Amino acid sequence: MAVPEKVAQERQARHRQQVKLHKQIWKLYRQGYHKEQIAQLVGVSSSTVCRTLERETPPPPRRRSRSSSIVDPYLSYLALRWNQGCHNVARLYEEIVAQGYTGTQRTLQMRLHPFRRQVARPVSKQTVIWDKPPSSRGVALMMVRPAQSRTREQVAYLDQLIQSNETIAVVFKLAQDFGRHLTKT
């Protein structure tokens, strides 16, 4: 328990230092110093000064990134199977155990929880990692990317998406045609 507390204290100290630096840069800027002068006085790069001056408020404490899970190596396969219609956790558990998964069925069930919230929409590895489907920009990039450059989960996601909406199917075909045209010229 001492290690996490120490880590938390170190994070708080780093954040306090960032806030102090932010206030110092803004104080000097308001006093009329140029960005390059502030960088020299404070001991940071001029790009750091510019980035700091883009925000008037000090940065919030950083959130910890998601830690990895024993299920993560199987997410692509699980997304593919889920999009194929297999939503039975016990069945999926058996399938990935055969592939070498050593975790529990409960762990798998908890990890697949974001899939259940997608109801009729296709899922991808990102559904679990970011707990949401890919952005519209991400989907657009998937669509124009050559087929051989897509991951399995991207292929499964696009297949499900195309089958679910006729307009998206037309857009996908046009995007593919456009991409092929660009590579010919």
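The test for being over 30 Å from Asp177 (Cα atoms), surrounded by 13 or more Cβ atoms within 10 Å (Cβ to Cβ) and at pLDDT 80 or above holds for Val97. Does segment 68-107 hold any residues that are outside any loop (DSSP other than H, G, I, E, B) and more than 22 Å from Tyr157 (Cα to Cα), and which are they? Correct list: Ala90, Glu94, Val97, Ala98, Gln105, Arg106, Thr107.
In this structure, is Arg11 surrounded by 15 or more Cβ atoms within 10 Å (Cβ to Cβ), out of contact with any Cys (no Cβ under 6 Å at 6 or more places or on another chain) and assigned to a helix (DSSP H, G or I)?
On the way: surrounded by 15 or more Cβ atoms within 10 Å (Cβ to Cβ): no; out of contact with any Cys (no Cβ under 6 Å at 6 or more places or on another chain): yes; assigned to a helix (DSSP H, G or I): yes.
No.
Can you spot a residue in segment 100-115 that is among the hydroxyl-bearing types (Ser, Thr, Tyr), in the same structural domain as Gln160 (by TED's automatic domain parsing) and under 30 Å from Ile162 (Cα atoms)? Explain how you work it out, then say what you get.
First pass over segment 100-115, keeping only residues among the hydroxyl-bearing types (Ser, Thr, Tyr): 101-102, 104, 107.
Now narrow it down to the ones that are in the same structural domain as Gln160 (by TED's automatic domain parsing): 101-102, 104, 107.
With the extra rule that they be under 30 Å from Ile162 (Cα atoms), the set shrinks to none.
Looking for residues that are among the hydroxyl-bearing types (Ser, Thr, Tyr), in the same structural domain as Gln160 (by TED's automatic domain parsing) and under 30 Å from Ile162 (Cα atoms), one finds none in segment 100-115, hence no.
Taken over segment 139-185, the criterion of being part of a helix (DSSP H, G or I) and touching a residue at least 60 places away in the same chain (Cβ under 8 Å) is satisfied by Arg152, Glu153, Ala156, Tyr157, Asp159, Gln160. Among residues of segment 123-180 being surrounded by 15 or more Cβ atoms within 10 Å (Cβ to Cβ) and among the aromatic types (Phe, Trp, Tyr), the one that is modelled with the lowest pLDDT is Tyr157.
Residues of segment 41-61 that are of a type in the set (S, T, N, Q), farther than 12 Å from Gln24 by Cα and surrounded by 13 or more Cβ atoms within 10 Å (Cβ to Cβ): Ser46, Thr48.
Right, Gln84: touching a helix residue (DSSP H, G or I) at 6+ places or on another chain (Cβ under 9 Å), surrounded by 13 or more Cβ atoms within 10 Å (Cβ to Cβ) and not small (Gly, Ala, Ser) or not? So that I can check it myself, show each step before the final result.
Values: touching a helix residue (DSSP H, G or I) at 6+ places or on another chain (Cβ under 9 Å): yes; surrounded by 13 or more Cβ atoms within 10 Å (Cβ to Cβ): no; not small (Gly, Ala, Ser): yes.
Considered against the rule, which asks whether it is touching a helix residue (DSSP H, G or I) at 6+ places or on another chain (Cβ under 9 Å), surrounded by 13 or more Cβ atoms within 10 Å (Cβ to Cβ) and not small (Gly, Ala, Ser), Gln84 comes out as no.
The values are calculated or read from the model by the stated rules, or taken from the named source; none is laboratory data. Quick caveat: nothing in here was measured; it's all calculated off a predicted structure. So basically every Cβ, Gly included, is an ideal-geometry build from the backbone, and we count neighbours across all protein chains shown.
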